[in-house]
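J.: Input: one structure, supplied below.
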Amino acid sequence: MIRLQNIEKVYRTDTVETLAVNGISLDIAQGEFLSIMGPSGCGKSTLLNIMGLLDEPSKGSVRIDNQDISHFSDRKLASFRNQKLGFIFQSYHLINDLQVVDNVELPLLYRNSTAKERRRLAEAALEKVGLSNRLKHFPTQLSGGQRQRVAIARAIVGSPQIILADEPTGNLDSVMGNEIMDILINLNQREGTTIVMVTHDENMAHKTHRLVRLFDGSQVQ
Ligand code: ADP
Ligand code: ADP
């Protein structure tokens, strides 16, 4: 589902050059739940952003769902990303002055769905994460675990084949973290969604199918 070949990423500024990812090749199968671990600064987020087509590699190729995206126009890339991929972040990235249900509808605004259809899909996604009773709340009225569940609903509302999660349990205590992990495991098992998750938590990583360890931009396991 995701094929990375010889990916390198160099960040250049006037004064410094950082080799953030140093020759990584990775094949992630459809329906796989993969975790990525490694010390701070080893290139995990950079790699995830490259998989998510948010960042371009300096070298190497990225295939998503067997499509070579290197020749896509920006517009095509944006719509491909919106259709195929859902994103979850450590700090939720919700819009605080939009109600929960409107946050969840956001990814659908780029599609040709009616307001009624958007509402139906958002409510269904919120039901999957157990938040049907919080549609009209604002994010600031929710606990951290609830906010992350809203973020998951937003990530899955368009039925993407792939979810990319950057430390989704990083800001949560272990009880809420486990709840979030259970939701992701369920999503993977029931819907066959391919999930790639960056984590610092060995316990979470061991619940996934495969663990990739990075060190200094290279894969060490
Ligand atoms: P991790 O997610 O494992 O903590 P990152 O992928 O965020 O690591 O960063 C990898 C390396 O690339 C780090 O050394 C970091 O300082 C550098 N880096 C990340 N983003 C940028 C950027 N936008 N500009 C310059 N250097 C960056
Ligand atoms: P937790 O113990 O999981 O962190 P909280 O104590 O923050 O949860 O919240 C308990 C419940 O009260 C949650 O279901 C949340 O939706 C609701 N809640 C929390 N803060 C507010 C608020 N400011 N306005 C409305 N509801 C709130």
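The values are calculated or read from the model by the stated rules, or taken from the named source; none is laboratory data. In this text the structure is predicted, and so the values were computed from the model without any measurement. Because the Cβ atoms are built from the backbone with ideal geometry, glycine has one as well, and the counts that use them run over all protein chains shown. Note: areas computed on protein heavy atoms with side chains; ligands, DNA, RNA excluded. Shrake-Rupley method; radii C 1.70, N 1.55, O 1.52, S 1.80 Å.
J.: Which condition does LEU34 not pass, out of (1) open to solvent by 10 Å² or more (accessible area, probe 1.4 Å); (2) closer than 14 Å to ARG210 by Cβ, if it passes all the others?
T.: (1)
J.: Looking at SER40, is it open to solvent by 60 Å² or more (accessible area, probe 1.4 Å), of a type outside the set (A, V, I, L, M) and either more than 17 Å from the chain's Cα centre (by Cα) or within 14 Å of ligand 1 (Cβ to nearest atom) (or both)?
T.: yes
J.: Also: Determine which member of the set ARG190, ARG213 is within 16 Å of ligand 1 (Cβ to nearest atom) and not polar (S, T, N, Q).
T.: Values: ARG190 fails: within 16 Å of ligand 1 (Cβ to nearest atom).
Among ARG190, ARG213, only ARG213 is within 16 Å of ligand 1 (Cβ to nearest atom) and not polar (S, T, N, Q).
J.: Determine whether VAL212 is more than 22 Å from PRO160 (Cα to Cα), of a type in the set (A, V, I, L, M, F, W, C) and away from ligand 2 (no atom under 16 Å from the Cβ). Even if it seems obvious, please write down each step before you answer.
T.: Values: more than 22 Å from PRO160 (Cα to Cα): yes; of a type in the set (A, V, I, L, M, F, W, C): yes; away from ligand 2 (no atom under 16 Å from the Cβ): yes.
Yes, satisfied.
J.: If we keep just the residues of the range 1-31 that are open to solvent by 70 Å² or more (accessible area, probe 1.4 Å) and part of a loop (DSSP other than H, G, I, E, B), which is modelled with the highest pLDDT?
T.: The extreme case among them is GLN30.
J.: Can you confirm whether the range 62-71 contains a residue that is assigned to a strand (DSSP E or B) and open to solvent by less than 50 Å² (accessible area, probe 1.4 Å)?
T.: Residues of the range 62-71 assigned to a strand (DSSP E or B): 62-64, 67-68.
From the residues that got through so far, the ones that are open to solvent by less than 50 Å² (accessible area, probe 1.4 Å) too are 62, 64.
Yes, the conditions are met somewhere in the range 62-71.
J.: Give ALA115, ALA125, ALA78 a once-over and let me know the one that is out of contact with any Gly (no Cβ under 6 Å at 6 or more places or on another chain), away from ligand 2 (no atom under 16 Å from the Cβ) and closer than 17 Å to ILE180 by Cα.
T.: On the way: ALA115 fails: closer than 17 Å to ILE180 by Cα; ALA78 fails: closer than 17 Å to ILE180 by Cα.
It is ALA125.
J.: Continuing with this model, one more query. Given the residues ARG12, ARG3, which is the only one that is more than 16 Å from ligand 2 (Cβ to nearest atom) and without any contact (Cβ under 8 Å) to a residue 24 or more places away in the chain? Full working, then the answer.
T.: Working: ARG3 fails: without any contact (Cβ under 8 Å) to a residue 24 or more places away in the chain.
It is ARG12.
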